[in-house]
Structure formats: C-alpha cells, structure tokens
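To start, the structure under review is shown below, and the notes come after it.
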Amino acid sequence: MHIAAIVASTASFAQSPPSWKGKFEQLGSETLPSPNSYRTGSGAPGAMYWQQRADYDIEVDINDETHLLIGKETITYYNNAPEHLNFLWLQLDQNLFSENNMTEKTQGTIVRDSVPVKFFAAVTNTRSTNYNGGYTIKSIKDAAGTSLAFIINYTMMRVDLPYSLKTGEKFTFIVEWSYIEYDRNEYDGGRGGYEYFPEDGNYVYTFAQWFPRMCVFDDYEGWQNKQFLGMGEFALTFGNYNVKITVPADHIVGATGQLQNAKDVLTSEQLVRFEKAKQTYDHPVLIVTQEEAIKKEKVRSGKKSTWEFKAENVRDFAFAHSRKFIWDAQAVKVGDKTPLAQSLYPKEGNPLWGKESTKAVKNTLEVYSARTIDYPYPVAYSVHTADQGMEYPMICFNGGRPNKDGTYSQQTLTGMIHVIVHEVGHNFFPMIVNSDERQSTWMDEGLNSFLDKETLQERYPELNYTRGTPKSIVPFMKGDKLQMRPVIASADNQWKNHGPNGYIKPAAALTLLRETVMGKELFDNAFKVYAQRWAFKHPKPADFFRTMEDASAVDLDWFWRGWFYTTDHVDLELADVKWFTLKQENVNLEKRKIKIKSGDLNVASKNKKDFTSGPQEFSIQNTADKFYGEFKNRIDDNAIRQKIIDKNIYELKFRNIGGLVTPIIIEWTYIDGSKEIEKIPAEIWRTNEFEVSKVFVKEKEVASILLDPNAELADVEPANNGFPKRVVESKFDQFKKNN
Ligand SMILES: [Zn+2]
C-alpha cells in the first residue's frame, strides 16, 4: 500500500515518547475468562449453560410488639450442575448484626475531635439499645425430619447433605429460624429494618434478607460464598416462592409476588377498589385512603391475619407491612402484559407520594421495558420509608419525605422520583438480568443508573436530571489517583469510591458509549441483546463486554480497558493549530514544469496562539513516477491541485493528556459565524496513544476551534480545548459573565 505523504503524520516528541500501553490491544485471556461451552466468545450463554434453582415455601410470623420474626422455610434445591454436591451454602445476612460480626471487626476507624454520637455508635457498635441481632437457627432437617449437620461461618452457613446430590437431582430441607428486626435509624447497612413513628407509636416494617437464602453455585466460581460485609450486595438463585406472612390484622402487606388471598385479608370495600385498580390505566386508584389509614393508627387489632403471596422465577423475596399504609395502584400496559403498579406509604409521605409514586413506577416499567425486555412480573410496588432506597423483585423501599406541613423542595421531589425510578429499575438489573452484586456493583448499579437517568430525562425533562452524564463524573475523575480504584474492582474493596465507581462512572461511560462512541441505534440494539440473552440468567462482566461488541461490530476493548479496568481520565488537548493555503505561484510554476522542493508542510511554524498572522503558504509538486510503481496510468495532479487552490488547510495536533483514549469532537466556527461539528472515532489514537496530528481541508476560513463543545467526553480540563488560545473560557467564567 502506498502512503500519501501529505496526510501520514508521525509524532515528533521533544524527548522520547511515553512507552506503549497497548490501549487498543484486545482484552486477552489475562483479562477476560476464556470462552467455553457455558459462556461463549460472543458473550451469550453457551450450549452447555446451566444454572441452579431453589424453590421456597415459607411461613413467617411477625410480632408488632417485640419485632420478633419467626420463620419456617422448605427449600427445594435443584442441582443442574455437571458435578455432584455434598454440601450446600446458604446466606445468613442478618448475622451482619450479630455480636460476632466481621464487618465491625474489620472496619478501619479513627477518632476526630468532634463526631456525631450516631456516627460513633455505628462504627464502634456502642448503641443506645441492647439490640441482639443475628439469626437463631432452631433446626435444619431433611424432608423425613432427620437433622442435618451445619456449620456457620459469620454470614455463611454450610449444610451437609446426607448423600451426594447428583446432576439433575433435587433435595428438599426445612430450616426453622428467628431473629429480632432492627431499628433502621440506628442499625443501617442491613437494607431492611423498621421505622418507628413516635407521634402515633406505629411502625413501618420493611423486611429484607430476612430468611436463610441459597448462595449461587455456578460454572464461573463454584459457590459464591464471599461474606456479606455490608457493601457488596447479593448473588442469588432463581426459583419460585410461596410465602405466607402473618401480621396484625389491621396491617397492609406488600411483597414480592401476587397476593393470593385478597378476599381473606381485605375488606369488601378494599376488594372492590383493588379490582378496579387492575382495570384502571390512566390514574392510581386508592385502595386504602389517607383518612382510613389515620383512623387505623389509633387502635390496635388483637387479631392476626395471614397474607399469601406467590412469585415465579425470582431471585429473592421481600415484604413490607404497617397499619399506617395508604395504598394506591393502577395497571400499566407493557407489551402484552398488564402489571399492577402499586404504592404503599404512611401519611408522612403525602402529598408527594399520592401524586408521584405510582406514576414513577409506571414510567419506569415503560421506559426500561422498551430498552430491555418487557417487564415480566405481575406487580411492582414502591414502598415509602425514611431515608431508604433498596430494591427487591417486584418491591422496593424508597425515601423522599415532604416537610411536616406538606411542602417540599425541588430537591426532595427530584430525589424522591429518582429513588423510585432507580429502585423499580433494579427489577431489570439485577433481579431479572441476575448479575453478581457482591463482586460487580457496576453490573447492576451502573447499568441501572444509566437507565434511570435516561428515564428521568425522557419522562421528567423539567427536572433537568444530569447524574450519570459524562459531565457529572468529571469532579470524581479529576480526583487523587492514589485513592481511586477501577470500576471492575469488587464491591467491598471499593469503600471510598463505591458511589462513583458503582453508579456514576459506569453510567457516564455508557452514556458516552451510546451518544458519542457507538451512536444511539447501535448501542440501544446491543444493550437490548444483552438484556435478552441474560434475562433470568447469571451474566458476568465479560458477557456484557462481549455482547456489546458482538451485536454492534464496534471494537470496544479499548473502551472497557480505559473506563472499567484503569483509573485514567479524559483530558484532550488541542496542542497546536497551523493554517495553510496553497501558494498561487506554485500553481503557475507547475505549468512551466519547474521542479520545486517537497516537504513544505512539515516545516515547523512557530506555535502561534491565534490566526492573526494569516495562513502559511505551502507548495505541492507533481507526483513523481516512483509513486506509481507498476501502474501505467497517471492521476491528474492538476485536477487535485485545482480543488485545493482556494481552500483553507488546517493541521491540528491533539494530545491525550489524561491517558484515557477518547473520540475527538471538533467544533469549527467560521469567520461568517457558522459552525460545524466533526466527530472522529477514538481509533485515531491507535498508532499513537499520546499525540496525533491531522489535516483538514475547509472551504471557509476558520475563526476558532473548540474540542468537546458540549462537554460529552468527560474531559476534565476544558481550558486546553480551544484555539485561538485566548477565547477559551471555562463554563464557570461564562456563567459568571452571564449572571
Ligand atoms: Zn441501586
């Protein structure tokens, strides 16, 4: 292949160039696992893909006075693995609060001259109450009633099987347990707990991680029995649930799954409203009104009632109950399904919750379904409790409370809508696309933060929501690299960077990927392929990375490497601009066939700060015979020459200061005031990761050049993006000037 002398540029470094980092090399087997028959090289489940299954039949009773939960579960575990199992691992998450817990033992702490008491209590386990947390395991027996041996290791419990459980076999066993639910105001980190309302002496209970749950056993790492330390969330097995929840008879219960015995637990009036809600698509229907809920706050039923829920193909089960609950619901159309969007909230949530909660559930189901798969479950609850944001299949617990007089700030409104959209959105990641949260926070929080931002921007444009845009991650990316870990680092090792690395950085990266690197059509399509491939399965990071490439033909190894495996940041510099025009004399000289010297373009002009000294003239010569090699015909040099006679030729030198390779977006502003945006793929850096020059031929004369004009690249330093140098102003300066 011939190399045209005018456009091929090699970088000139004053000293020796920085050493090659292989930024465009493929993520080889040292980074990604080798494809196999379980997980293919295209990022799809393989022909031999398998996963385990665990079905649960649970009966649980909650005491409203003592907060004691007593439970009995029958677990049927299906071994689909191509190996025999001699023991099973279960998760005992409530042991996070047992006296002997690893979290508190291993948490680094310091003393400051002044700290809030609550903070001190949380880090030293010096609490105002003598709460005795953690599980009491009463018994573990097989179906015949024979006790099974078990060992508890902090938050993990190994149950030994009486015989080897072979491939294709199932094993049924029964666990009886109890624990005392905790006050979430004092014990945070557990995700559930109760909220106490001193004015009327009532509670809102949100039960989470409340039963011994099966660990995941998979092809990738065997048992996922990494301890629950508080930050890294859950890895869970799919299965069917049948759960009977016994509470005081005046409580309203919401849970993962569909209510099976409405006529036993609802009044006839509530039942009529409940049925009406299922047929109503344009507004929420109140099943329990605020007046009715307030009336109930003042009395205590001495009776109990049992609410029965069924859920199919879910990874977990949570529930909430209170006599304070107002309840509204409406149906939502999603494909050929009509899930019931529901909200449960104490009066303290109003007027905000009545207006916004169920609407937010509906918006989430619609937007997420369009981007992934149709919401497959029959119900979706949003439950209000203070300062919370936690997700489970079909139900989530959300904060966002107005002031006592019912007023609320724009911030409270935005925060409340965001938390609901986010937590309902978790139904898709990780409840349906069941990634391992304990290892890879970004696979659920990052993908979900990306889609919650998309939902808020589409359905609530008036809120101007920007969290998760490339611009929103700039302050973090500018930070101290010694304090930073890459997104791919596991959840509990991310303590300091958990928020940015789990949520905003991956969301910003996906936004950049969609809007700048891949384009919306290719991205949306590939993202949907990922959701479809891995719905109701267990994807790993490589499955996502590979699928996004597989479905789009965009090589993204450089992108995953930079954004997920390193702490590099984007800082693009427009290092130099040169302006050239063709020497008119040269055109005439050509006709007289006078030989001129080549290489004018490479004569270094001194770095200029603006265009005031005018263009530098350059000459071009006729193509010499040697450039044609064996070809007998010749191209018309004059025709080409005529095409560039009056053009403005610009040579731009770009530098990658931050280390994270990036597409380049150039905004040309011409002297007539018109503008042009030009986008160059990141591959421009593939032969030189640090510096590259490129020549542009423009009809019009350029007045100024600006890189990343709309701040979509997460470039941490806009001050080096412009030419002439003096016109560059930070957005903050512009803001000051305009206000
Ligand atoms: Zn989340």
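The values are calculated or read from the model by the stated rules, or taken from the named source; none is laboratory data. From a predicted model like this one, the values you see are computed outputs, not experimental measurements. When we count neighbours, we look across all protein chains shown, and the Cβ atoms used for this are built from the backbone with ideal geometry, even at glycine. To get the accessible areas, we keep the full protein, side chains included, count just its heavy atoms, and leave off ligands, DNA and RNA. Shrake-Rupley method; radii C 1.70, N 1.55, O 1.52, S 1.80 Å.
Would you be able to say whether some residue in the range 57-67 is closer than 26 Å to Val433 by Cα, open to solvent by 20 Å² or more (accessible area, probe 1.4 Å) and at pLDDT 95 or above? The answer is yes; a qualifying residue exists. Within the range 424-443, the set of residues being under 17 Å from Ala380 (Cβ atoms) and either assigned to a loop (DSSP other than H, G, I, E, B) or within 10 Å of the ligand (Cβ to nearest atom) (or both) comprises Gly425, His426, Phe429, Pro430. Of the residues making up the range 48-83, just one is aromatic (Phe, Trp, Tyr) and closer than 21 Å to Gly192 by Cβ, namely Tyr56.
Return yes or no: is Leu96 under 30 Å from Trp50 (Cβ atoms) and not basic (Lys, Arg)? No; evaluated as a whole, the condition is false for this residue.
For the range 455-465, a residue qualifies if it is away from the ligand (no atom under 16 Å from the Cβ) and open to solvent by 10 Å² or more (accessible area, probe 1.4 Å), and the qualifying residues are Gln457, Glu458, Arg459, Pro461, Glu462, Leu463, Asn464. For the range 356-372, the criterion of being among the basic types (Lys, Arg) and closer than 17 Å to Tyr281 by Cβ is met by at least one residue.
Here Leu413 meets the list (1) within 16 Å of the ligand (Cβ to nearest atom); (2) under 21 Å from Leu365 (Cβ atoms); (3) of a type outside the set (Asp, Glu) almost entirely, failing just condition (1).
For the structure I just gave you, tell me whether Thr669 is in contact (Cβ under 8 Å) with a residue 40 or more places away in the chain, touching a Ser or Thr at 6+ places or on another chain (Cβ under 9 Å) and of a type outside the set (D, E, K, R). Against the criterion (in contact (Cβ under 8 Å) with a residue 40 or more places away in the chain, touching a Ser or Thr at 6+ places or on another chain (Cβ under 9 Å) and of a type outside the set (D, E, K, R)), Thr669 does not qualify. Beta carbons closer than 8 Å, at least 6 apart along the sequence or on distinct chains, pair a first residue in the range 426-447 that is over 17 Å from Met231 (Cα atoms) with a second that is away from the ligand (no atom under 13 Å from the Cβ) and of a type in the set (Lys, Arg) for Met431/Arg315; Val433/Lys537; Asn434/Arg315; Asn434/Lys537.
Among the residues making up the range 24-39, those that are charged (D, E, K, R) and modelled with pLDDT under 95 are Glu25, Glu30. Does the range 565-577 contain any residue that is modelled with pLDDT of 95 or more, touching a Lys or Arg at 6+ places or on another chain (Cβ under 9 Å), under 18 Å from Ala508 (Cα atoms) and not in a loop (DSSP other than H, G, I, E, B)? Yes, the range 565-577 contains at least one residue that is modelled with pLDDT of 95 or more, touching a Lys or Arg at 6+ places or on another chain (Cβ under 9 Å), under 18 Å from Ala508 (Cα atoms) and not in a loop (DSSP other than H, G, I, E, B).
When Ser42, Ser12 are checked against the criterion of being over 30 Å from Ala121 (Cα atoms), modelled with pLDDT of 90 or more, of a type in the set (Ser, Thr, Tyr) and assigned to a loop (DSSP other than H, G, I, E, B), Ser42 stands alone in meeting it. Just name the residue that is nearest to the ligand (Cβ to nearest atom) out of those in the range 365-375 that are open to solvent by less than 10 Å² (accessible area, probe 1.4 Å) and of a type outside the set (Gly, Ala, Ser). Filtering the range 365-375 for residues that are open to solvent by less than 10 Å² (accessible area, probe 1.4 Å) and of a type outside the set (Gly, Ala, Ser), the one nearest to the ligand (Cβ to nearest atom) comes out as Tyr368.
Quick check on the range 52-68: of everything there that is β-branched (Val, Ile, Thr) and within 13 Å of Tyr182 (Cα to Cα), which residue is farthest from the chain's Cα centre (by Cα)? Among those residues, the one meeting the criterion is Thr66.
Restricting attention to the range 270-305, the residues being of a type in the set (A, V, I, L, M) and assigned to a loop (DSSP other than H, G, I, E, B) number 1.
If you go through the range 233-269 and pick out every residue that is in contact (Cβ under 8 Å) with a residue 40 or more places away in the chain, not aromatic (Phe, Trp, Tyr) and not in a strand (DSSP E or B), you end up with 13. Filtering the range 376-434 to residues that are surrounded by fewer than 24 Cβ atoms within 10 Å (Cβ to Cβ) and polar (S, T, N, Q) leaves Gln388, Asn403, Thr407, Ser409, Gln410, Gln411, Thr412, Thr414.
On inspection, Asp452 qualifies as within 14 Å of the ligand (Cβ to nearest atom) and either outside any helix (DSSP H, G or I) or crowded, with 24+ Cβ neighbours inside 10 Å (or both). Restricting attention to the range 629-641 and to residues that are touching a residue at least 40 places away in the same chain (Cβ under 8 Å) and not in a loop (DSSP other than H, G, I, E, B), the residue that is nearest to Thr581 (Cα to Cα) turns out to be Arg641. Of the residues Ala491, Ala507, the single one that is among the aliphatic types (A, V, I, L, M), modelled with pLDDT under 95 and within 16 Å of the ligand (Cβ to nearest atom) is Ala491. Would you mind stating whether Glu99 is outside any loop (DSSP other than H, G, I, E, B) and not aliphatic (A, V, I, L, M)? Spelling it out, it is not the case that Glu99 is outside any loop (DSSP other than H, G, I, E, B) and not aliphatic (A, V, I, L, M). Listed conditions (1) in contact (Cβ under 8 Å) with a residue 60 or more places away in the chain; (2) open to solvent by 60 Å² or more (accessible area, probe 1.4 Å); (3) in contact with a strand residue (DSSP E or B) (Cβ under 6 Å, 6 or more places away or on another chain); (4) not hydroxyl-bearing (Ser, Thr, Tyr) are all met by Lys276, apart from (1).
Look at Asp316 and say whether it is crowded, with 20+ Cβ neighbours inside 10 Å, within 16 Å of the ligand (Cβ to nearest atom) and not polar (S, T, N, Q). Taking the combined requirement at face value, the residue satisfies it.
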